[in-house]
Amino acid sequence: ADPPTSRSVLGAMTQSFAADAQVADAASPGDHSDDEGDALPGYTAGSSPSSSRRAKDGSPSVDEDDDDSDFDLEAERAELQEALEASERERASLAPSFDGKGVGLLYDARMVRHRNQDDDEHPEQPRRITRIFKHLESEGLVDRCVRVPCRLATKEELLLAHSSKHVEAMLAVDSMTQEEASIEQGKYRSVFLSPESLEPALLSAGAVLEATERVCCGDLAQAVCVVRPPGHHAEPQCAMGFCMFGNVGVAVAEAQHRGWSKRTLIVDWDIHHGNGTQDMFYEDSAVLFFSIHRYDSGRFFPGGPKGHFTSHGSGEGAGYSVNVPWEWRKAQKRGDPPPGDAEYLHAWEHVLMPIAHDFKPDLVVISAGFDAALGDPLGGCRVSPAGYHALTRRLMELADGRIVVVLEGGYNLRSISTSMSACVHALLGDPPPGGSDDLNKEGELPQPHHFHAELIEKVRTHMTQFWPSLREGAEEVVAEQVEIRVPAAALHGTLAEMEKALRDHVDAEHSYDKLKARQQQVLFHLEDMPKPPPHVLEQVGWSAMRQSFVNAKKGAPFLLPVVHVTSVDQALNNVLLAMQSGADGVWLVNSGHAHSPPEAAMPHFAVQRTNLKGPCGGAAGKAGRAQLDALAECLTAVRENFGDFWIGASLPQLPPAQTFKWVSSHCPGVNGIWLHHLPCKPADVVWEKCGGDDGEPECNRAVRMEKWLTDHQPALKAVKRERQIAHWKGLVFSCVAGAHQELVHDQQEAAQHMDEPCQALLAHSATLASSVSDVVVTSSLEPSRPCPTPKLSAMEGVTPLALLSTCPMGDTPATAGIADIVMVDFHHVPAGDSGLPADLDPAQLRNWVEQWRSEPEPQG
């Protein structure tokens, strides 16, 4: 008989659990809140298939012929009601017979009752499972499978993978009103809830538990779970990304707990990183977690560094988390195709399968999201049904074929139906869709695009430290690099001498481009680039940014104009203009035009540096302190008058380490601090002066590197120490490679091509800055020119990136959409300018905000 599913029983579960929950957890769901317009593309709680059918850059999606194009709400409701009635009739008659050879199929239409009450066209819609089931029926697959009833997960099972606070919070949804459920969903990133959500969530997790038990105990050979809501984003302490419970994580934890499985392989091929599942087993050597997903330098949902291949597990689990992070955006910028069948199979052959054969799993669970499929509106990739068939066939070589396939994401109804059908065909031993079996023939696999193949090689090389099966392949890659021998003369001497030696060495086997790339690797020690510090790996910057802008009306990029204050009234008027324009906050800076007392002003208006320790430094130092006092008066008045509006303090008058104490004592209510003079040197670089002949302007060019520098620099340690002493909880912004700062490389302002050493130096600069701050700020060196896109691209993904624009007509979403925060200074005041900075212009400010709000981002 089916387990009871009435509201009263679910309410009783909640009450009984409340009595058991005695110990408070370390983190509450509220600690993970985020606005619906998430800063990271890929998921948005309010987005819909109709709005996302086109790529975010406005171009058509891969499959414009989508069966959702004419959404009919009444027709959808009729379709779902019909599915519910059919499922009710089926449940009464389901009496599965098990012989250990069949493929189980678990599906229950009651899961359609979980829906977004504010958006009938939300991507994670009820029809995802009804369409899949209907397609399986149309192909005769339902009758060939063993229908297994779904059941509810129990609270004890959920607690194996989730905290008590999280389980309690989800169980409480059943007794809420819709208004209360809407408030609850606001605590999480991209989650929708209603009083009807709990039963589907328990059924979804319970179905995977049931399937896993049946496969492990020998009742079934394999099983397929057509379930929703999905689960792989749900973290141990909170819901996230359309997911309430970690369906796969809960089932695997139960299998380990019951002894059904000693070594479990989880393969997550959803286009989004399975952050929740990875967290559950990050220190566990009994579970091998493999995720292949879009990463986009940490900017694709769920974001941050957890999805990078350097996130390989810790403690006993070191090496048991394997991530293949596609750089979709970079491929798009290069004009390269997105990953598809060839690239996924290449990752299988060169990373996953060698590791899996070493691991020897006795159970394989697939988090089968189909948003990497051709035609999906969020993924933008091109895996075909035949591709999914081939991936599934490869995994059947493991664990004596014991596999559980669990639906995760996928938002094109046709794509997810045909893709899941292909997986079922594979489990049943059928040929792939279309009849061609080319993807399953050894030695005849399609060649991956070299851009994506290079990434796979990086993953393989990194994981060799844990898995001997990868060493042979990695050694071949190293051997190929060693064969490109750069002559000694091309590694010593002047730039001109090394260039001549390099060109003289070019022959039929060694092209100039390959020799040049290898020369740069050696000269700049690129293979010895330091790893990011723990602060960066733990993605503190992104979570701090989301929390700081929790009241923002829109998602990233967050827009912050700069106000040059001259008086309290002027500051109040300009902040009001910024708020009315739709900006997310404002920076206040005293560029030398306000003093308290006024008689402390210098003859020429300019920022005056001062020191809070010891003598202030004569008249200039006194002027600097008077400027700070005037700024404090403005900041205090603005905070008193503008409640929750985001306010930042820009303090060029002070050394970075002294900023925190001053802000804490003079204006603790600000949301952010901007460190202008952070000493952040990425490396000791040798420079050479060039030019000067025949009227050619002189310039310095980077020749080689002596050594990389780390975050142990005294100046950085001082800033970190002072922030801790002051207990500063707001955001900290710091400038890198911007105006009035030393060049890190002569190519850093290149508008088109940028060599690898420059990219590495910029990235490491951002990494060092992020070790003491939450947001890295960069800008063009010339106020009249837009910030070069290659510079922004080199620095993205390390931590939230802010663009300081002094050329608002040049910096546009099309060229600078990489930034998470955009700061605009319409009236940059040159040092010594005796005129007052102009007030913000309402029309100019409004146009700037509308430009960034209305122009679409790049897809994904």
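Look at SER779 and say whether it is polar (S, T, N, Q) and within 20 Å of TRP708 (Cβ to Cβ). No: the conditions fail for SER779.
Screening GLY304 with (1) open to solvent by less than 10 Å² (accessible area, probe 1.4 Å); (2) out of contact with any His (no Cβ under 7 Å at 6 or more places or on another chain); (3) modelled with pLDDT of 95 or more gives one miss only, at (3).
If only one of TYR282, TYR295 is closer than 30 Å to LEU792 by Cβ and touching a helix residue (DSSP H, G or I) at 6+ places or on another chain (Cβ under 9 Å), which one is it?
TYR295
Candidates CYS225, CYS243: the one that is within 30 Å of ASP118 (Cα to Cα), out of contact with any Leu (no Cβ under 7 Å at 6 or more places or on another chain), in contact (Cβ under 8 Å) with a residue 40 or more places away in the chain and open to solvent by less than 10 Å² (accessible area, probe 1.4 Å) is CYS243. Just one of the listed residues (SER367, SER419) is crowded, with 22+ Cβ neighbours inside 10 Å, under 22 Å from THR264 (Cα atoms), of a type in the set (Ser, Thr, Tyr) and touching a strand residue (DSSP E or B) at 6+ places or on another chain (Cβ under 7 Å), and it is SER367.
Selection of region 584-613 for residues being open to solvent by less than 50 Å² (accessible area, probe 1.4 Å), part of a loop (DSSP other than H, G, I, E, B) and closer than 20 Å to THR636 by Cα yields ASP584, ASN590, SER591, GLY592, HIS593, ALA594, HIS595, SER596. ILE355 meets the stated requirement of being out of contact with any His (no Cβ under 7 Å at 6 or more places or on another chain) and open to solvent by less than 10 Å² (accessible area, probe 1.4 Å). Taken across region 738-755, residues that are charged (D, E, K, R), open to solvent by 10 Å² or more (accessible area, probe 1.4 Å), free of Cβ contacts under 8 Å to residues at least 60 places away in the same chain and under 17 Å from ASN700 (Cβ atoms) do occur, with at least one present. Picking from residues in region 154-180 that are over 25 Å from TYR107 (Cβ atoms) and hydrophobic (A, V, I, L, M, F, W, C), the one that is surrounded by the most Cβ atoms within 10 Å (Cβ to Cβ) is ALA169.
Scanning region 371-380 for residues that are open to solvent by less than 10 Å² (accessible area, probe 1.4 Å), under 17 Å from HIS232 (Cβ atoms) and touching a residue at least 60 places away in the same chain (Cβ under 8 Å) yields a total of 4. Among the residues of region 515-530, not a single one is at pLDDT below 80, assigned to a loop (DSSP other than H, G, I, E, B) and open to solvent by 50 Å² or more (accessible area, probe 1.4 Å). Summed over region 296-319, residues that are touching a residue at least 60 places away in the same chain (Cβ under 8 Å), hydroxyl-bearing (Ser, Thr, Tyr) and not in a helix (DSSP H, G or I) total 2. Among the residues in region 708-731, are any without any contact (Cβ under 8 Å) to a residue 24 or more places away in the chain and either assigned to a strand (DSSP E or B) or open to solvent by less than 60 Å² (accessible area, probe 1.4 Å) (or both)? No, because not a single residue in region 708-731 is without any contact (Cβ under 8 Å) to a residue 24 or more places away in the chain and either assigned to a strand (DSSP E or B) or open to solvent by less than 60 Å² (accessible area, probe 1.4 Å) (or both).
Is at least one residue of region 662-682 over 25 Å from PRO532 (Cα atoms), in contact (Cβ under 8 Å) with a residue 12 or more places away in the chain and basic (Lys, Arg)? No; the residues of region 662-682 include none that is over 25 Å from PRO532 (Cα atoms), in contact (Cβ under 8 Å) with a residue 12 or more places away in the chain and basic (Lys, Arg). For region 149-190, residues that are part of a helix (DSSP H, G or I) and either modelled with pLDDT under 95 or farther than 23 Å from VAL208 by Cβ (or both) total 10. Would you confirm, using the coordinates I've provided, whether VAL703 is open to solvent by less than 10 Å² (accessible area, probe 1.4 Å), in contact (Cβ under 8 Å) with a residue 60 or more places away in the chain, in a strand (DSSP E or B) and within 25 Å of GLN520 (Cβ to Cβ)? Judged against the criteria, VAL703 is a match. For region 782-806, filtering for residues that are modelled with pLDDT under 85 and closer than 17 Å to LEU743 by Cβ leaves 3. May I ask you to list the residues in region 582-612 that are among the polar types (S, T, N, Q) and in contact with a strand residue (DSSP E or B) (Cβ under 8 Å, 6 or more places away or on another chain)? Matches in region 582-612: ASN590, SER591. Just so you know, in region 323-352 the residues that are within 24 Å of GLY797 (Cβ to Cβ) and acidic (Asp, Glu) include one that is surrounded by the fewest Cβ atoms within 10 Å (Cβ to Cβ), and it is ASP336. With respect to the conditions (1) among the hydroxyl-bearing types (Ser, Thr, Tyr); (2) modelled with pLDDT of 90 or more; (3) open to solvent by 20 Å² or more (accessible area, probe 1.4 Å), THR778 falls short on a single one, namely (3).
The residues of region 379-389 that are touching a Pro at 6+ places or on another chain (Cβ under 7 Å) and among the hydrophobic types (A, V, I, L, M, F, W, C), listed by number, are CYS381, ALA386. A search for C-beta distances below 9 Å between a residue of region 571-591 that is within 21 Å of LEU651 (Cα to Cα) and any residue that is open to solvent by 30 Å² or more (accessible area, probe 1.4 Å) and among the charged types (D, E, K, R), counting only pairs 6+ apart in sequence or on different chains, returns ALA571/GLU633; ASN573/ASP839; ASN574/ASP839; ASP584/LYS553; ASP584/LYS554; SER591/ASP833.
Take the residues in region 447-466 that are open to solvent by 40 Å² or more (accessible area, probe 1.4 Å) and not acidic (Asp, Glu), then tell me which one is farthest from the chain's Cα centre (by Cα). Explain how you work it out, then say what you get.
From region 447-466, those open to solvent by 40 Å² or more (accessible area, probe 1.4 Å) are 447, 449-450, 454, 457-458, 461, 465-466; that's our starting set.
Still in the running and not acidic (Asp, Glu): 447, 449-450, 458, 461, 465-466.
Details: GLN447: 28, HIS449: 24, HIS450: 24, LYS458: 19, THR461: 23, GLN465: 26, PHE466: 25 Å.
By that ranking, first place goes to GLN447.
Looking across region 186-220, the residues that are more than 21 Å from ALA161 (Cβ to Cβ) and open to solvent by 20 Å² or more (accessible area, probe 1.4 Å) come down to GLY186, GLU196, GLY218, ASP219.
Of the residues that make up region 761-775, is at least one open to solvent by 20 Å² or more (accessible area, probe 1.4 Å), in contact (Cβ under 8 Å) with a residue 12 or more places away in the chain, of a type in the set (Ser, Thr, Tyr) and farther than 30 Å from CYS690 by Cβ? Taking every residue of region 761-775 in turn, none turns out to be open to solvent by 20 Å² or more (accessible area, probe 1.4 Å), in contact (Cβ under 8 Å) with a residue 12 or more places away in the chain, of a type in the set (Ser, Thr, Tyr) and farther than 30 Å from CYS690 by Cβ. Within region 773-808, being closer than 14 Å to VAL822 by Cα and of a type in the set (Lys, Arg) holds for no residue. Please go through region 246-278 and give me each residue that is crowded, with 24+ Cβ neighbours inside 10 Å and assigned to a loop (DSSP other than H, G, I, E, B), ordered by number. If the condition is that a residue be crowded, with 24+ Cβ neighbours inside 10 Å and assigned to a loop (DSSP other than H, G, I, E, B), then GLY246, SER261, TRP269, ASP270, ILE271, HIS272, HIS273, GLY274 are the ones that fit.
The values are calculated or read from the model by the stated rules, or taken from the named source; none is laboratory data. This is a predicted model, so every value here is computed, not measured. Cβ: placed from backbone, ideal geometry, glycine included. Neighbour counts: every protein chain shown. Just the protein is used for accessible areas: all its heavy atoms, side chains included, with ligands, DNA and RNA removed. Shrake-Rupley method; radii C 1.70, N 1.55, O 1.52, S 1.80 Å.
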